[in-house]
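K.L.:
If you scroll down you'll find the structure; I have some questions about it.
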Amino acid sequence: MKPLRYTFALLLTVTFLTAQAKVDTLVIQSPSMQKTLKAGVVTPDGYQKKKNGPYPVLYLLHGYSGNFSNWLKVPPQKDLLQTMADKYQLIIVTPDGGYGSWYYDSPVDQNSQYETFITQELRQEIERRYRAIPERSGRFISGLSMGGHGALYLSARHPELYLAAGSMSGSLNVSGIERQNLLPSIEAVLGPKAENEQVYRANSIVHMVPQLKQNGVHLIIDCGVDDFLIEDNRELHRRLVYEKVPHEYIERPGAHSWAYWGNALEYHLLFFQKARAAAEQQALN
């Protein structure tokens, strides 16, 4: 009988530790692009009881060549987002950012208006359908690689929307990208680089430090020391330090990989939690 009792206890433990968060897949019409796009939405345990909320929301962006389901399916810990939504009691939204949109409103391709989609169309739909905090104090944005660029770029462009923003292994200098597999995707949304040098600079995070300094968004930037983008991340860090822009910068062992990003996510959530607590305390004073 002892082995049976042990097995039953183990099953109870596994059930208890399993994430209780719920995952929805939304299909959203984008008027700016005249097409439908998908987004994953993870709601924490307790959300379905309709007793709690409204909840803060994290918009979590995927990288180049990815899609909305990457963060839900690819990390080594398969229920990573559900676990994090439960632990930090927030809604996590994983938008589709296109194969290589770089989260810009493209001046040359009307079918690539992802800045408008993320900051307006998707946000409004989330706040209509879910018990989400509809103010800056309850919105965060982060992402990996192209999505790290996108998170910092959108927060710099729309500081009224986001309390805090983060980048994991971000591609933070599109004006300096020469990799053959990435440059064509940027040229597809910004135009030929040789003819649009100023456009590229104006849309590269390393050259947007004045906006980052002015807007007051809390910033966290991290990158693995073996990542091919580490020097761009270090350069942004140097510029932020020089301009005395408050931010948290982290380098850890790791490469441009899901093992790194899956581990990095909780660092960002802890940072966002502290930023929200500080904002709430400031509001009381």
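K.L.:
Residues of region 243-285 being assigned to a helix (DSSP H, G or I), of a type in the set (Gly, Ala, Ser) and either open to solvent by 50 Å² or more (accessible area, probe 1.4 Å) or out of contact with any His (no Cβ under 7 Å at 6 or more places or on another chain) (or both), which ones?
P.N.:
Once the filter is applied, which keeps residues that are assigned to a helix (DSSP H, G or I), of a type in the set (Gly, Ala, Ser) and either open to solvent by 50 Å² or more (accessible area, probe 1.4 Å) or out of contact with any His (no Cβ under 7 Å at 6 or more places or on another chain) (or both), region 243-285 yields Ala259, Gly262, Ala264, Ala277, Ala278, Ala279, Ala283.
K.L.:
What number of residues within region 222-242 satisfy the criterion of being of a type in the set (Asp, Glu), part of a helix (DSSP H, G or I) and open to solvent by less than 50 Å² (accessible area, probe 1.4 Å)?
P.N.:
Residues that pass the stated criteria total 1.
K.L.:
Considering only region 184-217, state which residues are within 12 Å of Arg157 (Cα to Cα), among the aliphatic types (A, V, I, L, M) and touching a residue at least 60 places away in the same chain (Cβ under 8 Å).
P.N.:
The answer is Leu212, Val217.
K.L.:
Would you call Gly46 open to solvent by less than 10 Å² (accessible area, probe 1.4 Å) and touching a residue at least 12 places away in the same chain (Cβ under 8 Å)?
P.N.:
Here the answer is no, as Gly46 does not meet what is asked.
K.L.:
Now for a separate question. If we keep just the residues of region 87-97 that are outside any helix (DSSP H, G or I) and open to solvent by 10 Å² or more (accessible area, probe 1.4 Å), which is nearest to Ser142 (Cα to Cα)?
P.N.:
Asp96
K.L.:
If Ile141 satisfies all but one of (1) under 17 Å from Leu212 (Cβ atoms); (2) open to solvent by 10 Å² or more (accessible area, probe 1.4 Å); (3) under 13 Å from the mean Cα position of the chain (by Cα), what's the number of the condition it fails?
P.N.:
(2)
K.L.:
Looking at this structure, is Gly216 modelled with pLDDT under 95 and either surrounded by 17 or more Cβ atoms within 10 Å (Cβ to Cβ) or within 19 Å of the chain's Cα centre (by Cα) (or both)?
P.N.:
Criteria met by Gly216.
K.L.:
Filtering region 98-133 down to residues that are over 23 Å from Met146 (Cβ atoms) and touching a strand residue (DSSP E or B) at 6+ places or on another chain (Cβ under 7 Å), which residue is surrounded by the fewest Cβ atoms within 10 Å (Cβ to Cβ)?
P.N.:
Among those residues, the one meeting the criterion is Arg131.
K.L.:
Here's another thing I want to ask about it. Check whether at least one residue in region 198-207 is of a type in the set (S, T, N, Q), part of a loop (DSSP other than H, G, I, E, B) and modelled with pLDDT of 95 or more, and report yes or no.
P.N.:
Within region 198-207, one or more residues are of a type in the set (S, T, N, Q), part of a loop (DSSP other than H, G, I, E, B) and modelled with pLDDT of 95 or more.
K.L.:
State all residues of region 157-176 that are of a type outside the set (Asp, Glu), open to solvent by 10 Å² or more (accessible area, probe 1.4 Å) and free of Cβ contacts under 8 Å to residues at least 60 places away in the same chain; if no residue qualifies, say none.
P.N.:
Hits for region 157-176 are Arg157, His158, Pro159, Leu161, Ser175, Gly176.
K.L.:
Is there a residue in region 210-221 that is within 27 Å of Leu80 (Cβ to Cβ) and either in a helix (DSSP H, G or I) or of a type in the set (Gly, Ala, Ser) (or both)?
P.N.:
no
The values are calculated or read from the model by the stated rules, or taken from the named source; none is laboratory data. None of the values given here were measured: they were computed from a predicted structure. Glycine gets a Cβ as well: all are built from the backbone with ideal geometry, and neighbour counts include every protein chain shown. With ligands, DNA and RNA removed, areas are computed over all heavy atoms of the protein, side chains included. Shrake-Rupley method; radii C 1.70, N 1.55, O 1.52, S 1.80 Å.
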